[in-house]
Amino acid sequence: MTYINTPTEEQNLNQTAKIINQAKKEGRKTLLENEAKTICIEYGIPVTTFNLAKSQKEAAAYAAKIGYPIVLKIVSPDIIHKSEAGGVIVNLKNSTDVVNAYKKIIESAKKYKADAKITGVLIQEMAPQSTEVIVGAIKDPQFGQTIMFGLGGIFVELLKDVNFRIAPITSEDAKEMIKQLKAYPLLNGYRNTPPADIDALVSILCNTSRLVMDNPEIKELDLNPIMAYPKGAKTVDARIILE
Ligand code: ADP
Ligand code: MG
């Protein structure tokens, strides 16, 4: 499915509600990456182009349509941390690579968890490497939906250099969340790194706030990583957990 125009609010709610209801019906609390990214698209959050393949043949066809280099990822309700399960293979350059990676990912998933239900394999555009940022949301028992922003890797894990705001947030709040990071100079252009498109990040933060405010059944949301470019930004992995 391609989205050329920004969907209307009503279409947003319909599609998002449909995905959430389907997960509930299946007794799933974690949305699949393709589901989480479909919701992101509807809320104007940019993500890597993707298609869900159910066979090697489909995988090769989607890869050709999206364009190389390609990334393949396992889609399974039983596998949350995909790379841990050997479920992410990046930088595939042709259809032979894609078919081999497809086989390997299914094999690894079965090895990781013999009875894992496999929904398919996500074929996606490979986002060029850049400064990685993280946008999160968590439903705090006291304050409700709360939005988080930080830089990827050691900045979040080791240095805990992250900022939180209670949702809903304004674009002014979003700008503060970005500019008050200790690591902000890295986003503002540093040595060989060009400045990141701050407006694109502000827009992702505001849209994430709108997404979780509209959907109070979302307990946790994780856009990790987001590649921050000099022009625009792109979400590479998205996870949504329901209450
Ligand atoms: P998980 O967090 O479930 O292990 P991710 O989807 O985050 O899986 O993939 C692991 C890593 O692989 C990412 O952090 C990123 O570095 C890389 N990666 C995944 N998808 C892409 C993509 N479409 N383009 C570029 N790099 C990617
Ligand atoms: Mg990830």
(message) Within 10 Å, Cβ to Cβ, of residue 238, how many net charges do the neighbouring residues add up to if Lys/Arg are +1 and Asp/Glu are -1?
(response) -2
(message) Let's test this: bin the Cα-Cα distances of the range 124-163 at 5 Å from zero up to the farthest pair and state each bin's percent.
(response) 7, 19, 22, 19, 16, 12, 4, 2
(request) Please report the relative contact order for the range 158-209, taking Cα pairs under 8 Å with a sequence separation of at least 6, and give it as a percent rounded to a whole number. (result) 39 percent
(request) Just the number, please: Stokes-Einstein D of the chain in µm²/s, Kirkwood Rh from C-alpha pairs, 37 °C, 0.692 mPa s. (result) 177 µm²/s
(message) At R0 = 22 Å, how high is the FRET efficiency between residue 164 and residue 214 if r is their beta carbon distance? Nearest 0.05 is fine.
(response) 0.65
(request) Just list whichever of 73/117; 179/219; 54/93 have alpha carbons separated by over 18 Å in the model shown. (result) 179/219; 54/93
(message) With only alpha-carbon atoms in the gyration tensor, what are the semi-axes of the equivalent ellipsoid for the range 112-243, in Å, largest first?
(response) 24, 21, 13
(message) Taking 37 °C and 0.692 mPa s as the conditions, I'd like the Stokes-Einstein D for the range 1-141 in µm²/s, using the Kirkwood hydrodynamic radius from alpha carbon pairs.
(response) 203 µm²/s
(message) Restricting to Cα pairs below 8 Å that are 6+ residues apart, what does the relative contact order work out to for the range 3-148? Please round to a whole percent.
(response) 24 percent
(message) If each DSSP helix of 4+ residues adds -39,500 (n - 2.57) and the sum is divided by the residues in the chain, what number results at 222 nm, nearest 500 deg cm²/dmol?
(response) -11500 deg cm²/dmol
(request) Under 12 Å from the Cβ of residue 69, count the other residues' Cβ atoms, weight Lys and Arg +1, Asp and Glu -1, and hand me the total. (result) -1
(message) Could you tell me the center-to-center distance, by alpha carbons, between the range 178-217 and the range 12-57 in angstrom?
(response) 23 Å
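Read-outs: derived from the displayed coordinates by stated rules, not from any lab. In this text, all values refer to a predicted model and were calculated from it rather than measured experimentally. FYI the Cβ positions are ideal-geometry reconstructions off the backbone, even for glycines, and counts take in every protein chain you see.
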